[in-house]
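To keep things clear, I will list the structure first and then write my remarks on it.
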Amino acid sequence: MNSNSSVFSLFLFILLSSSLALPPSSKQNSFLHCLSYHSKASIPFSSTFFTPDSSAFTTVLNSTAQNLRYLVPSKPKPEFIFTPTHDSQVQYAVICSKQLGIHLRVRSGGHDYEGLSYVSQIETPFIIVDLAKLRSVNVDIRANSAWIQAGATIGEVYYRIAQKSRNHGFPAGLCTSLGVGGHITGGAYGTMMRKYGLAADNVLDARIVDVNGRILNRKTMGEDLFWAIRGGGGASFGVILWWKIKLVPVPSTVTVFTVAKTLEQGATKLLHIWQQVAATKLDKDLNIRVLIQPTVLDSKSGKRTVTTLYQGQFLGGVKRLLNVMQTGFPELNLTRKDCTQTSWLNSVMYIAGYATGTRPEVLLQGKPTFKNYFKSKSDFVKDPIPETALEGLWKRLLEETAPLIIWNPYGGMMSKISESAIPFPHRNVLFKIQYLTTWQGANENEAKHINWIRKLYTYMAPYVTKSPRQAYVNYKDLDLGINKKKNTIIAEASAWAIVISSSRSNPNDPFSGNNSTNYDNFSKFSTASSVASLKSSLPENPMIYDTSEISSSTNNFLSHRLSSSSTSTSTSWRCTLRGKDAVVFQRKSRTPIDLPDLQQSLSLISRSHHTSLIKLLGASLSGSYVYLVYEFVDGANLADCLRNPNNPGIVRVAVKAGKSNKRKWAWGDQESECLSSKRSSSDIHDHHDVGLGVSAMKMKKIKAFRALMMSLP
């Protein structure tokens, strides 16, 4: 290095070392100097760097921001916005932000519901790295794949794929202005998820910038980190630069339709039926979502009603669609006149709300189709919501000015993919609910609308998932909790999710915080070992079935019972439950059990069942009876089915029958116990010998299982 370079390096070192004490304008200069120092090529700062004094600052800030609540003057604004034009510039931005101690927010498409990609209300000052100029889409039809940059919108991706082939597509979002960088990190669902799963299920590779400014691909980041970025949430583990996606086949003809039903036309009963068929009985080529909102029934009186819009996309022609509907959902009364046959790309535009005849090139503009003041929440549903609850929902909808609720069906391929395949656990659900309330201006009573949606959310609690109540990570909802400034403890965040570690955040790891890069508060989860721990510890939660569902599947418990010994106190039935061949065991509880206790106990032991051959599916509670549901394994004995083949050195743990049918529990004194038995699968829980295969069971799981089983005679 020549003397001039040495002098400049020394100057830069002194500048960076003292930058934390400098005013904001000096920080801006320091950031520019740092970028210039690291970059091998000159950076056009006049077109990539925007300060509040720049004439284009507000335009750039507002360009992709969707929720106008976070653009009002009272919300914090960034010190500056950097719009890199090359991967290396993102890399240098991470390095320089870390060196200068500047809080970094990364924006891909601006669809963050709580504005977290462009507003920081905890860490200030902050800057935005906006990826809008990194939007290349390179499609390789022969390889059935494409490399897409994080700043591209999903509409651009759809257009570029269709430009190369009419018979290829990608199963991602419905809103075409979504930025793919953040969209896919949360899973990314769309109308083809019942056929092909999520967008994140169809990612082959990625390029990210990690905390140290390294650009990594799948091979160099490792499989654990690659697992984490596909569903684990945006900016938690790095800055996404590129995704390599797998293209999926689509037919030349796709059929779309919309059918409206009001309350006066039987909307309540029809929606109750939809819940029972949309995810479980309809062809996986068919996706029917439901949009629910108040509409004016009489313009003179202003009387309103609730309208449900059944909006469908079918991967095929209208003739086959009508056959599918007649078999699976005839109550909708779908006719040929309701249907439009078109291309896959045009069907995407139809679902996105573009007017008929709109040219596909509009997708290249990447402009948001929805900009408003709004608040949103989400839920997942495993059991049909009863009609009486729907009637209560209608009453509350009619109290609000401009609400919208959207129900998206799951099932199909979604239920076939393991909950731990990627960090997206919402697999075995019927549908997802999105709640929205919107208003027109900043001067409206924001608190009124937000209080309304919070009350609605409380009302829905009995009818949605519980322990935990699930939410879609891409529908940010700060009501569920926020990180504190510095030293956020993972144990505190665990109140909202599955917890793996209670250790404090690592101050040397920059990727944590409110969906952003935070150089003051860094989570351990960005280390490979912690990601591995998170992945291996994810449980496959068993279901809590409604007793009516158990009763229906066993023909009101009149179906032929499985054989059991004459001294057995168990009753069992083989049946089909939610499409699975199952065996149901009825046990009477000696001590009271409530649903939260049952859920907790099942959750703690479910991981061990997930790793065994006989899988615990769930349970139901009715009065003093507990119904345990397992996958049916024909002809297998418990020792073969439940013993972990990788852990042959087991400790026998049995419950032995005593006088008056009392059981004596014998537990091994090691942490790697395995319950075993030589009885057939039909005698599970007869409790002469009770076997539940457990691999590396921790003591809390043993205690939970023992507590559950000791309550049974």
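Observations on the model:
- Residue check, LEU270 farther than 19 Å from ALA146 by Cα, surrounded by fewer than 20 Cβ atoms within 10 Å (Cβ to Cβ) and touching a Phe, Trp or Tyr at 6+ places or on another chain (Cβ under 9 Å): yes
- Candidates ALA447, ALA461 - the one that is open to solvent by less than 40 Å² (accessible area, probe 1.4 Å), free of Cβ contacts under 8 Å to residues at least 24 places away in the same chain and either part of a helix (DSSP H, G or I) or in contact with a strand residue (DSSP E or B) (Cβ under 9 Å, 6 or more places away or on another chain) (or both): ALA461
- Checking LEU68, LEU116, LEU61 one by one, the residue that is open to solvent by 40 Å² or more (accessible area, probe 1.4 Å), of a type in the set (A, V, I, L, M) and touching a Lys or Arg at 6+ places or on another chain (Cβ under 8 Å) is LEU68 and no other.
- Test: residue in the range 156-166 that is in contact with a Lys or Arg (Cβ under 6 Å, 6 or more places away or on another chain), closer than 19 Å to VAL137 by Cβ and open to solvent by 20 Å² or more (accessible area, probe 1.4 Å): no
- Every listed requirement among (1) part of a strand (DSSP E or B); (2) open to solvent by 40 Å² or more (accessible area, probe 1.4 Å); (3) aliphatic (A, V, I, L, M) is met by ILE406 save one, (2).
- The test for being at pLDDT 95 or above, in contact with a Gly (Cβ under 9 Å, 6 or more places away or on another chain), of a type outside the set (Val, Ile, Thr) and at negative phi does not hold for GLU361.
- For the range 303-338, a residue qualifies if it is outside any helix (DSSP H, G or I) and among the aliphatic types (A, V, I, L, M), and the qualifying residues are VAL306, LEU309, LEU315, LEU334.
- Filter result (under 19 Å from PRO409 (Cβ atoms) and of a type in the set (Phe, Trp, Tyr)) within the range 228-276: PHE257, TRP274
- Set LYS261, LYS300: member being more than 19 Å from MET192 (Cα to Cα), of a type in the set (D, E, K, R) and without any contact (Cβ under 8 Å) to a residue 24 or more places away in the chain: LYS300
- Selected residue (criterion: nearest to the chain's Cα centre (by Cα)) from residues of the range 549-560 that are at pLDDT 75 or above and surrounded by 12 or more Cβ atoms within 10 Å (Cβ to Cβ): GLU549
- A single member of VAL137, VAL106 is within 18 Å of ILE184 (Cα to Cα), out of contact with any His (no Cβ under 6 Å at 6 or more places or on another chain) and surrounded by fewer than 22 Cβ atoms within 10 Å (Cβ to Cβ), and it is VAL137.
- The single condition from (1) part of a helix (DSSP H, G or I); (2) touching a residue at least 60 places away in the same chain (Cβ under 8 Å) that GLN341 fails is (1).
- All told, HIS103 meets the bar of being at pLDDT below 95 and closer than 25 Å to LEU216 by Cβ.
- Pick from the range 533-548, criterion modelled with pLDDT of 50 or more and surrounded by fewer than 16 Cβ atoms within 10 Å (Cβ to Cβ), ranking: nearest to the chain's Cα centre (by Cα): ASP546
- Among the residues of the range 282-299, the ones that are part of a loop (DSSP other than H, G, I, E, B) and at pLDDT below 95 come to 1 in all.
- One residue stands out in the range 373-388 among those that are surrounded by fewer than 15 Cβ atoms within 10 Å (Cβ to Cβ) and in contact (Cβ under 8 Å) with a residue 40 or more places away in the chain: the one that is nearest to the chain's Cα centre (by Cα), namely PRO386.
- Residue match in the range 43-66 (condition: without any contact (Cβ under 8 Å) to a residue 60 or more places away in the chain, part of a helix (DSSP H, G or I) and among the small types (Gly, Ala, Ser)): yes
- Flag for ILE128 being buried (at least 21 other Cβ atoms within 10 Å of the Cβ) and more than 24 Å from the chain's Cα centre (by Cα): yes
- Any hit, the range 159-167, residues being under 23 Å from the mean Cα position of the chain (by Cα) and at pLDDT 95 or above: no
- The set of residues in the range 469-497 being modelled with pLDDT under 90, open to solvent by 50 Å² or more (accessible area, probe 1.4 Å) and not acidic (Asp, Glu) consists of ILE482, LYS484, LYS485, LYS486, ASN487, ALA495, TRP496, ALA497.
- Verdict on GLY411 being of a type in the set (Gly, Ala, Ser), part of a loop (DSSP other than H, G, I, E, B) and modelled with pLDDT of 95 or more: yes
The values are calculated or read from the model by the stated rules, or taken from the named source; none is laboratory data. Since the structure is predicted, the reported quantities are computational estimates derived from the model, not experimental observations. Ideal geometry is used to build each Cβ from the backbone, glycine not excepted, and the neighbour counts take in all protein chains shown. Each accessible area value is taken on the protein alone, full model and side chains, heavy atoms only, with ligands, DNA and RNA left out. Shrake-Rupley method; radii C 1.70, N 1.55, O 1.52, S 1.80 Å.
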